[in-house]
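Encoded as structure tokens, the structure appears first; notes follow it.
The values are calculated or read from the model by the stated rules, or taken from the named source; none is laboratory data. Please read these numbers as outputs of a predicted model, since none were measured by experiment. Cβ placement follows ideal geometry from the backbone for every residue including glycine, while neighbour counts extend to all protein chains displayed. Accessible surface is based on the protein model in full, side chains and every heavy atom, while ligands, DNA and RNA are left aside. Shrake-Rupley method; radii C 1.70, N 1.55, O 1.52, S 1.80 Å.
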Amino acid sequence: MSSPVLDRVPSSECAELVDAAINSRQSIRAFTDRPVARHLIREILATASRAPSGANVQPWKTYVLQGSARDELIKKVCAAHDAVYANPDEAKKYQEAYAYYPREWISPYIERRRENGWGLYGLLGIAKGEKDRMHAQHQRNFRFFDAPVGLFFTVNTVMGQGALLDCGAFMQNIMVAARARGLDTCPQAAWNSFASIILPHIGAGEDEMLVCGMALGWADPNALVNTFRTPRVPPEDFTVWLE
Ligand SMILES: Cc1cc2nc3c(=O)[nH]c(=O)nc-3n(C[C@H](O)[C@H](O)[C@H](O)COP(=O)(O)O)c2cc1C
């Protein structure tokens, strides 16, 4: 099948462009307040919807929050997050629809997770016991890291686990398509436990489950937190070649 754009570009240049969009994606945790035009968001969503899905069911549903819809949700969730911090028993009220993280961590994932957490907090000069500062940094999630656009992804609860996989492919396409337009993102599972606040706020049906949130906007080029570049293990460490 031919592609009207890619057929015009020599394949080496094409690889360079696509790889640049993928490689330049990183989780951005400080955005400017510059708005994102609706047509740009729509274009990104249309491109992202070319993601494959089992039997082409396209199980993702997307909610785009801007303006007061965004601001009001921030108020509600930040208040809940503060209440949990003040009284950890409150956390029982807030359940995620599926376990994103394991209950028990094993090596090498636990070491990678620690390296990531301390790398980020270390960069921000937040030491281990500084709970208030950690809470404040974590709470930036619930302000979409100041991004003017918040996205939520849901799937119907009747769908199987495969729908989460499909939704992940769709989300990755959004993040790469955003990069191709100079925009940045941060995928955010942090919102998941507050689904009981988010789903009614966005008008989702009883049959929808929250898969993830995402911040979308223009990165703040002066923010220290945005210099956080995470490592990856090389293919040799995660690939088994069979011949
Ligand atoms: C599904 C998903 C959920 C995530 N949730 C959060 C989140 O709630 N808050 C956050 O700051 N980062 C979140 N991240 C970002 C990861 O920490 C980040 O992808 C990882 O450290 C690799 O760094 P990079 O995205 O900059 O390459 C999430 C990433 C994924 C894929």
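Rounded if a/c is under 1.5, else prolate if a/b beats b/c, else oblate: with a ≥ b ≥ c from the C-alpha gyration tensor eigenvalues square-rooted, which is segment 1-107? Because a/c hits 1.5 or more and a/b exceeds b/c, segment 1-107 counts as prolate. Put a dot 7 Å past the Cα of Met159, heading toward its Cβ, do the same for Ala189, and the two dots end up 1.7 nm apart. Counting only the Cα atoms, the chain fills a convex hull of 178 Å³ per residue. Rolling a 1.4 angstrom probe over the chain with all protein chains present gives an accessible area of which 55% lies on carbon and sulfur atoms.
Between the amide H of Ala30 and those of Asp220, distances stay under 5 Å, these residues lying 5 or more places away or on another chain, with hydrogens modeled in the peptide plane.
Quick one: check the C-alpha center-to-center distance for segment 3-51 versus segment 123-148, whole angstrom. The distance from the Cα centre of segment 3-51 to that of segment 123-148 comes to 28 Å. Across Arg29, Arg229, the residue with the most accessible area heads the list, and the full order at a 1.4 Å probe is Arg229, Arg29. When segment 100-188 is described by a simple charge dipole with +1 on each Lys and Arg Cβ and -1 on each Asp and Glu Cβ, the residue from Ile106, Leu123, Met159 located farthest towards its positive end is Leu123. What segment 19-149 shows is 64 Å² of accessible area per residue, with the surface traced by a 1.4 Å probe over protein heavy atoms.
Entry note: segment 128-234 has Rg to Rh equal to 1.00, where both radii use alpha-carbon atoms and Rh is the Kirkwood radius.
Which value, in Å² rounded to 10, gives the accessible area of Val57 with a 1.4 Å probe and all protein chains present? Approximately 70 Å² of Val57 is accessible to the 1.4 Å probe.
Counted residue by residue at 0.36 nm each, then reduced by the alpha carbon distance between them, the extension gain from Arg38 to Asp237 reaches 67.5 nm. Here His81 sits with roughly 20 square angstrom of accessible surface, probe radius 1.4 Å. A crude spin-label estimate for the pair Asn23 and Ala136, with each label 7 Å from Cα along the Cβ direction, gives 3.7 nm.
Arg181 sits among other residues whose Cβ lies under 14 Å from its own Cβ, and their net charge, with Lys and Arg +1 and Asp and Glu -1, is +3.
Net charge in the neighbourhood of Met209 (other residues with Cβ under 14 Å of its Cβ; Lys, Arg +1, Asp, Glu -1) is -4. Site pair Arg114 and Gln172 shows an inter-label distance of 2.9 nm when each label is modelled 7 Å from Cα along Cα→Cβ.
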